[in-house]
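Right, one structure below, let's go through it.
The values are calculated or read from the model by the stated rules, or taken from the named source; none is laboratory data. Here the structure is a predicted model, which is why all the values come from computation and not from measurement. Methodologically, a virtual Cβ is constructed for each residue, glycine included, from the backbone with ideal geometry; neighbour enumeration extends over all protein chains shown.
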Amino acid sequence: MNTKMSRSIIYHDIMDPNRAKALHATLSLSTAMPETGSVLKPFWHQIYFWDAQPPEALGRDGHPKLGNFIPDLGLSRRMWAGGEIQFFNEIILGVNAQKISTIENIEKKLGKTGPLAFVTEKIDIIQKNKLCIREYKKLVYQQEFKKDANKKRVPIIKKVSDDEKRIFFNTTHLYRYSSLTFNGHRIHYDRNYSQDVEGYPGLVVHGPLLAQCLIDFAEDALGSIKQFNFRSESPLFDFEEAILCRKNTDSGVELWVKNSNDKYCMSAVAT
């Protein structure tokens, strides 16, 4: 069942270069340090436009409670399922910008492990009266974890890549990325919560952090990014190695993340 929505909220941000410097350090980049007047790198808008809510406005998982901007769908477990992003104009650090978020669609389905709800949030980022980024962020909501429930089959990928890059994310990476994105979701830093309440075997590596690594990997090959689409296939955990894979195509690059056992974690396309 699909439900069309038209619920919007506007955020403002000065695009502080110090926040970009912090992400630059977190990602261990060797490029020039961002400064006022620098161009924001692709996907770095994720660390801006915080939705800062007081503790009493948060849900059990550390995210803002459902029922306000995102409606209460009766499903408590939240994950970032993917996104589609177009880059139109550069964003300049140190210059005011605004983000317009609109809940555009809600789709309810019955999956193999129970009911699901997919929420599509349309995001426009505007600076100096120019549309810089249009993003369609896709979130998935699931029912409470049940220990005796049937486990979802882990997807496997055997595709051959042209290039690979290996990364390990430790708890410091996860803590710092949560802080930079003002993401309070406890699956990324509270191991007991992640395991006992959400049923994961460890801490979950942020989907947007994996997407950031993939878009950087794509930029190495393409030089610039006009569009980036990605989808989470299965979670990557803090005890697993992330293997970034890239395959060149006629129009851009195909990308994916797998672990050392070929578990398929994320797919993406960049042009």
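Scanning the range 243-271 for residues that are surrounded by 15 or more Cβ atoms within 10 Å (Cβ to Cβ), more than 21 Å from residue 205 (Cβ to Cβ) and in contact (Cβ under 8 Å) with a residue 60 or more places away in the chain yields no hits at all. Restricting 244, 236 to those that are modelled with pLDDT of 95 or more, over 22 Å from residue 140 (Cα atoms) and touching a helix residue (DSSP H, G or I) at 6+ places or on another chain (Cβ under 8 Å) reduces the list to 244. Do you know which of the residues in the range 61-87 that are of a type in the set (Phe, Trp, Tyr) and at pLDDT below 95 is farthest from the chain's Cα centre (by Cα)? Residue satisfying both the conditions and the ranking: 69.
Name the residue that is farthest from residue 13 (Cα to Cα), counting only residues in the range 201-224 that are part of a loop (DSSP other than H, G, I, E, B) and modelled with pLDDT of 95 or more. Break it down into steps so the answer makes sense when it comes.
Step one: list which residues in the range 201-224 are part of a loop (DSSP other than H, G, I, E, B), which gives 201-203, 205-206, 223-224.
Okay, now just the ones that are also modelled with pLDDT of 95 or more, so 201-203, 205-206.
Working: 201: 36, 202: 34, 203: 30, 205: 26, 206: 23 Å.
Among residues in the range 201-224 that are part of a loop (DSSP other than H, G, I, E, B) and modelled with pLDDT of 95 or more, the one farthest from residue 13 (Cα to Cα) is 201.
Listed by first and then second residue, the pairs linking a residue in the range 170-186 that is under 18 Å from residue 241 (Cα atoms) and modelled with pLDDT of 95 or more to a residue that is part of a helix (DSSP H, G or I) and acidic (Asp, Glu), with Cβ atoms under 9 Å apart and 6 or more places separating them unless they lie on different chains, form an empty list.
Residue 199 falls short on exactly one of the conditions (1) touching a residue at least 40 places away in the same chain (Cβ under 8 Å); (2) in contact with a strand residue (DSSP E or B) (Cβ under 6 Å, 6 or more places away or on another chain), and that condition is (2). Taking the criterion of being without any contact (Cβ under 8 Å) to a residue 24 or more places away in the chain and surrounded by 15 or more Cβ atoms within 10 Å (Cβ to Cβ), the residues of the range 12-40 that qualify are 21, 24. One residue stands out among those in the range 225-242 that are of a type in the set (D, E, K, R) and part of a strand (DSSP E or B): the one that is surrounded by the fewest Cβ atoms within 10 Å (Cβ to Cβ), which is 241. Filtering the range 48-60 to residues that are surrounded by fewer than 18 Cβ atoms within 10 Å (Cβ to Cβ) and within 18 Å of the chain's Cα centre (by Cα) leaves 50, 51, 52.
Residues in the range 231-254 that are in contact with a strand residue (DSSP E or B) (Cβ under 6 Å, 6 or more places away or on another chain) and of a type in the set (D, E, K, R): 231, 233, 241, 246, 247, 254. The residue of the range 93-112 that is surrounded by the fewest Cβ atoms within 10 Å (Cβ to Cβ), among those that are of a type in the set (A, V, I, L, M, F, W, C) and farther than 21 Å from residue 227 by Cβ, is 110. Just one residue in the set 82, 62 is touching a His at 6+ places or on another chain (Cβ under 9 Å) and small (Gly, Ala, Ser); that residue is 62.
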